[in-house]
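What follows is a set of notes on a single structure, which appears directly below.
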Amino acid sequence: MIQYNMDFLIAGLIFLLILFVHFVRYKQLTGISGKLFWIFIVGAVLCSISDLVSCMLIQKRNPAYNSLIIGVTTFLYLMEVLIPYVFYGLIQILRYCEHKMKKRNIMLGMIPVIFMESLVILNIFHGQFFYCNTNGEYLYGPWYLMIYIYTFFFVVIAMYNFIFHQDEYGKNELRAVWEFVVVGFVCTAIEAVYSQYLLTEFGLIIGIFIIFWTLYNPQTVVDSLTGVFAKGYLNQWIPEQMKRGQKFHVLQISIWKLKQVNKLYGNSVGDKLLIDVADELNQITEGNYIFRIHGNQFLIFSMSQADYEKTKQEVMELFQTPFDIGDEMIDFPATICGITDAEELVDNDMMLAYLEYLILLKPKSDKTTLIENSETTRQGFLYEQRVKKYMNTAIEDDLFEVYYQPLYSVKDGHYVTMEALSRLKHPTLGMIPPDIFINLAEKNGQIIELGKLQFRRICRFMKSHTALMKQIGSIKINLSPLELLKTGYSQELFKIINELELPYSWFQFEVTETVATEYSEELYKTISDFREVGIEICLDDFGSGYANLNTILKLPFSTVKLDHSMLDGICEDQQIALLYKNMVSILQNLGHKVVAEGVETQKEVALLEEWGVDLIQGYYYTRPLSRDDLLSFKVS
């Protein structure tokens, strides 16, 4: 008669129950793998409990319990047959392969399961696995080791999958399942040799914990603030839906006013609003398929067109209604982007990139707006993706060009400076709009490398055409936010200038209005470096955003360029004309030169000359010129 050591089993069961309760506390995963893992945990709990009860009854050695022992132990064996198959099904679902192949493998795996389950049930009659004698003793039958061979069979299949199909699993999946197999195999092998140590279920429990912590960790699956699914789970859920061929539609909600709310009312109020939003969205969608992918962004997935339309309408109504923050009601508008048939996109990254593209189409409005995909937006997005793909080649092979647009001096009657503008020509798409490839370079972390390539090109042009530079005086060069805020970037530019032995006075760096409003010590340090060596700083696009005179006073700008949008209506509307005129006067009284951007008509030129604008830039005088066209252009 075997004397079982139940310490491992009891400890493992306690540990598993704690894990089970912890898992139940969080939102259950809605994908197939999440549901299968749920079955896996429940099966392990039932297996451990039945094993413990069986051992306790066996230890009593009472013939009166024989039937009960046979019944409980039969249930235990049935679970021990089922669990390896559930594990096998889980690792099939985790594979990135065709859904038909997964389904075929899972169906084939049922054959040995049905065979073994049948033998276990028939054991009640033939006692080949186990039986109880008339003295109440529990004894193993001649087929006892078959259950271990069966388990080993599924382990071998799992190992085969990992060895020959490693490219179909993610790194986390490979690591977690390998660890599960090793722990389970070792514990099962020990129990097969030393049957008094109940280590099979203990190894199973440790393996489940490894998978739980690696693949279904609530910290990555569920957003800790709002309780909806987190982005970490989205990266698993989307490929799973696409592999299954599941149709779905998606709404992205971007709450763009969150930063202002945090500043005005504090982060606690902002957090409460996010929680309230998540609760409302759960009520709208009955808690399914909601993800928080960024601090202020949610995704809602619908599996039917009708559900998508209903959800879209209710979400629009939600954000058109003020939110209660206790003492007052505040507007909490959002930009809502919708994609129908999102499964047609290549992958998760492509879908998120398309949503980001749609957000950029948001009109200037303080209201909740809806932007839905259309054939036009899809073509625009695909165009941008083609440009993005070409960017790597263009930077690696230095395929960018520099165009130059001269600025006319009203006082001197000729061109006195010019702006350097980056241009890119695609072999089939033609000239790419600068705002597209520059924005892509900034998002992809390529802008600093691109900036230095273009700066070297400009410097080489200066070095080769010193006579032109003596006539034109200087070249204005735009610097991106990332360039300005990069520690030591100014010294990198000085090094290039010094290598070519160029005077610093030939350079003027332009800072956009957006950058100037984000005042920081890093920005001030970089601009101070430029000023110390005699490089002038120009504020670009003033009037296009939120900059004010306080912004100008903070930083030592020598020149301010008024955005072309401020010219709209100056020839027809006296108030607009008066505003522009007074702005010119104020800036000049503060000691700044004023440049009028985007000038295209004689009427505009006449007014600007009358108001004493220092420099005029626009198509009225000249478009941006290529290097060769500039050299044949009369600048004086």
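Okay, here's what the table says:
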| quantity | calculated |
| --- | --- |
| For the chain, diffusion coefficient by Stokes-Einstein and Kirkwood Rh (Cα), 4 °C, 1.567 mPa s, µm²/s | 43 |
| R0 of 30 Å, Cβ-Cβ distance Trp213-Val156: FRET efficiency to nearest 0.05 | 0.75 |
| Separation in nanometres of the label points that stand 7 Å from Cα toward Cβ, at Val533 and Glu610 | 4.4 |
| Inter-probe distance in nm under a simple model that places probes 7 Å from Cα toward Cβ, at Glu314 and Tyr194 | 5.8 |
| Distance between the range 554-608 and the range 82-96 - C-alpha centres, whole angstrom | 69 |
| Euclidean distance of C-alpha centroids, the range 138-200 and the range 234-276, integer Å | 40 |
| Table column - 3J(HN,Hα) (Hz), the range 126-135, Karplus curve with 6.51, -1.76, 1.60, x for Gly and Pro | 9, x, 7, 8, 7, 6, 10, 7, 5, 8 |
| Difference of contour (0.36 nm per residue) and Cα-Cα distance, His465 to Asn444 | 4.2 nm |
| MRE, 222 nm, helices only [DSSP H, n ≥ 4, -39500 (n - 2.57), over the chain, to nearest 500] | -18500 deg cm²/dmol |
| Using a Förster distance of 51 Å, the FRET efficiency for Ile586-Asp276 (Cβ separation, nearest 0.05) | 0.70 |
| HN-Hα J in Hz across the range 468-485 - Karplus 6.51, -1.76, 1.60, θ = phi - 60°, x for Gly and Pro | 4, 5, 5, 7, 7, x, 7, 10, 8, 10, 6, 10, 7, x, 5, 5, 5, 9 |
| Charge context of Ile616, other residues only, Cβ under 10 angstrom, K/R +1, D/E -1 | -4 |
| Dipole of the chain, positive direction: furthest Cα of Leu523, Pro406, Phe301, with charges on the beta-carbon | Phe301 |
| Gain in span if fully extended, Lys171 to Gln385, counting 0.36 nm per residue against the direct Cα distance | 74.3 nm |
| Per-peptide average of other Cβ atoms within 10 Å, ordering 359-372, 469-482 highest first | 469-482, 359-372 |
| Dipole of the chain, positive end: most advanced residue of Gln575, Asn589, Leu204 [Cβ charges, Cα centre] | Leu204 |
| Fraction of antiparallel bridges per DSSP, the chain only, in percent to nearest 5 | 55 |
| Extreme residue, positive dipole direction of the chain, given options Leu484, Phe557, Ser224 (C-beta unit charges) | Ser224 |
| Dipole magnitude (debye, nearest 20) for the chain, charges at Cβ of Lys, Arg, Asp, Glu | 1300 |
| Overall form of the range 212-325 per C-alpha gyration tensor (a/c, 1.5; a/b vs b/c) | oblate |
| Hydrodynamic radius of the range 405-482 per Kirkwood, over alpha carbon pairs, in Å | 14.3 |
| Span from the the range 460-491 Cα centroid across to the the range 610-636 one, whole angstrom | 18 |
| Calculated FRET value between Asp7 and Leu139, using beta carbons and R₀ = 30 Å, to 0.05 | 0.85 |
| Stokes-Einstein translational diffusion, the range 575-636 - Kirkwood Rh over all Cα pairs, 1.002 mPa s, 20 °C, in µm²/s | 165 |
| Distance between modelled label sites at Asp331 and Ser224, nm, 7 Å Cα→Cβ extension | 3.4 |
| Using θ = phi - 60° and Karplus 6.51 cos²θ - 1.76 cosθ + 1.60, couplings along the range 596-603 (whole Hz; Gly, Pro as x) | 9, 8, x, 7, 10, 10, 5, 4 |
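Each value in this text was obtained by applying a stated rule to the coordinates, not by laboratory testing. In this text, all values refer to a predicted model and were calculated from it rather than measured experimentally. Because the Cβ atoms are built from the backbone with ideal geometry, glycine has one as well, and the counts that use them run over all protein chains shown.
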